[in-house]
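What follows is one structure encoded as structure tokens, with my remarks underneath.
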Amino acid sequence: MTRDVTPGFATDALERALGIYTPSLSEAPLAEYLGSLCRDIGFSNVRTDGVGNLIAEKGSGSPRILLCGHMDVVPGKVRVRREGDMLYGRGASDAKAPLLAMLFAAATAEEGGGSVVFVGAVDEEGSATGVKNLVKGEKTDYAVFGEPSGTGRVTIAYKGRLAINLRVRTGGGAHASAPWLSGNAIEESVAIAAAIKGRLEAGQESRSKGMMRTATMTGVRGGTSHNVIPGECETTFDIRIPVGGSCKETEQEVSEIVGSMSSGEGIEAFYSILDETEPFEAPHDSALVRAFTLAVMGATGSRPALVRKTGTGDMNVLGNRWGIPVVTYGPGDPHEAHTADEKVSIREYLLGIEVLKGAIRHIVRLHRR
């Protein structure tokens with residue numbers, strides 16, 4: 001016999017999950033709690049994989065739908081408490097409310113009414129260990145990732161990301177009182193950085209800021225003393241690539257700039273790739289996007305906003321690897337994520353469960369037409 005999921009039960013479960021502190025790669029206690037919860041409400045084949053992802057299944061038949069949220073949080077505890085409609089705790093918004101909303105929505109799947117695979121992933125806030133292992137397994141027909149979007153917004157696209165490490169050497173250095181004796185690795189790095197930014201961000205006047213390709217210098221390390229000209233400098237760049245672009249073509253432009261300025265200035269410059277994630281956008285006419293549109297309208301009475309995010313998410317990794325429609329959705333205010341007093345509206349959390357329930361029903365119906 002399985003337990004009924006009432007609004008009170010769902011809220012108590014989220015509060016208990018918030019009480020389990022889960023910084024990245026310390027998610028095992030929460031996985032154990034959620035696994036027990038899954039068994040109580042009728043899931044089958046409840047297990048953890050080799051990296052610690054919790055996986056549970058409900059329903060049967062086609063289509064197969066993945067609902068994946070992450071169990072980890074950023075460091076820093078927040079006292080768990082209820083104040084009126086608000087529930088406080090680290091991860092309340094990012095992303096335990098979306099995670100638990102997915103779990104309780106998935107619990108409504110019935111035999112023969114489509115298969116739902118629920119995943120509580122590890123290390124999303126770190127190195128994405130969980131999703132990188134997940135994509136090695138059996139693919140589904142559709143996937144939804146749980147992040148706080150607000151109940152009236154569905155994220156259909158994320159930018160890609162190319163992280164670059166640039167090293168410049170000028171052959172030694174000299175006393176700062178005689179700068180003509182040596183090239184300055186920091187100054188040369190700044191010049192290359194300006195050239196990369198200028199090239200990659202040019203010709204985008206017609207685009208909104210959120211849809212632009214951006215190149216941001218995020219770290220500089222060079223110099224050994226206040227009075228010595230630096231002979232070596234290391235710089236990191238975070239490059240965000242909108243849908244329609246690619247990491248490959250962006251890297252080619254970086255390569256041309258670095259090669260040209262290295263030979264032209266008589267310096268040694270080379271780069272390496274730290275991270276490479278292609279942009280991703282779900283097809284607007286897919287059953288998945290249509291299903292969420294109908295589900296949000298049914299639960300709220302309003303048509304949802306389809307959002308393209310400027311960041312990069314797990315849906316990029318899985319969507320490009322599996323070649324399936326993927327969206328990101330969940331209750332919660334994204335601006336609450338990582339804050340000192342993170343919170344979520346209980347009313348919105350419960351509404352998010354209803355939207356996700358409706359989305360599952362509509363996905364199955366539209367897939368079978």
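Details
- Within the range 263-289, if we keep just the residues that are over 29 Å from Y329 (Cα atoms) and free of Cβ contacts under 8 Å to residues at least 40 places away in the same chain, the residue that is surrounded by the most Cβ atoms within 10 Å (Cβ to Cβ) turns out to be S263.
- Restricting attention to the range 207-263 and to residues that are assigned to a helix (DSSP H, G or I) and of a type in the set (S, T, N, Q), the residue that is farthest from N165 (Cα to Cα) turns out to be S263.
- Exactly one residue out of G323, G332 is at positive phi and surrounded by fewer than 19 Cβ atoms within 10 Å (Cβ to Cβ), and it is G323.
- Residue list for the range 249-269, filter: charged (D, E, K, R) and either in the same structural domain as N316 (by TED's automatic domain parsing) or over 15 Å from I196 (Cα atoms) (or both): E265, E268
- Scanning the range 312-365 for residues that are part of a helix (DSSP H, G or I) and of a type in the set (D, E), we see that the one that is farthest from M86 (Cα to Cα) is D314.
- When the criteria are applied in full, G76 fails the requirement of being outside any strand (DSSP E or B), assigned by TED's automatic domain parsing to the domain that holds V289 and closer than 17 Å to V326 by Cβ.
- Residue that is modelled with the lowest pLDDT, among those in the range 264-284 that are assigned to a loop (DSSP other than H, G, I, E, B) and among the aliphatic types (A, V, I, L, M): I267
- Subset of the range 294-316 (residues that are surrounded by fewer than 19 Cβ atoms within 10 Å (Cβ to Cβ) and touching a Leu at 6+ places or on another chain (Cβ under 8 Å)): T300
- Hits in the range 125-136 (condition: assigned to a loop (DSSP other than H, G, I, E, B) and either outside the structural domain of L34 (by TED's automatic domain parsing) or at pLDDT 95 or above (or both)): V135, K136
- Test: residue in the range 27-40 that is over 26 Å from Y88 (Cα atoms) and either assigned by TED's automatic domain parsing to the domain that holds E111 or not in a loop (DSSP other than H, G, I, E, B) (or both): yes
- Residue within the range 305-317 that is farther than 17 Å from A95 by Cβ and free of Cβ contacts under 8 Å to residues at least 24 places away in the same chain present: no
Yes/no matrix, rows are residues, columns are (1) within 24 Å of S62 (Cβ to Cβ); (2) crowded, with 18+ Cβ neighbours inside 10 Å:
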position: V78; (1), (2): no, yes
position: E83; (1), (2): no, no
position: G91; (1), (2): no, yes
position: A97; (1), (2): no, yes
position: L103; (1), (2): yes, yes
position: A109; (1), (2): yes, yes
position: G112; (1), (2): yes, no
position: V116; (1), (2): yes, yes
position: D123; (1), (2): no, yes
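- Residues that are over 38 Å from the mean Cα position of the chain (by Cα) and either more than 17 Å from T224 (Cα to Cα) or hydrophobic (A, V, I, L, M, F, W, C) (or both), drawn from the range 158-191: A174, A176, A178, W180, L181
- Filter result for G52 (under 15 Å from Y33 (Cβ atoms) and in contact with a Leu (Cβ under 6 Å, 6 or more places away or on another chain)): no
- Test: residue in the range 226-247 that is free of Cβ contacts under 8 Å to residues at least 24 places away in the same chain and either under 24 Å from the mean Cα position of the chain (by Cα) or not assigned by TED's automatic domain parsing to the domain that holds I363 (or both): no
- Which numbered condition G231 fails, given (1) modelled with pLDDT of 95 or more; (2) touching a Gly at 6+ places or on another chain (Cβ under 9 Å): (1)
- Members of the range 139-154 found to be in contact with a strand residue (DSSP E or B) (Cβ under 8 Å, 6 or more places away or on another chain) and either under 19 Å from E336 (Cα atoms) or at pLDDT below 95 (or both), listed by number: F145, G146, E147, P148, S149, G152, R153, V154
- Close pairs (7 angstrom Cβ cut-off, 6 or more residues apart or separate chains): at positive phi in the range 16-36, surrounded by fewer than 23 Cβ atoms within 10 Å (Cβ to Cβ) and among the basic types (K, R) anywhere: none
The values are calculated or read from the model by the stated rules, or taken from the named source; none is laboratory data. Note that the structure is predicted; figures quoted are calculated from it, not measured. Glycine gets a Cβ as well: all are built from the backbone with ideal geometry, and neighbour counts include every protein chain shown.
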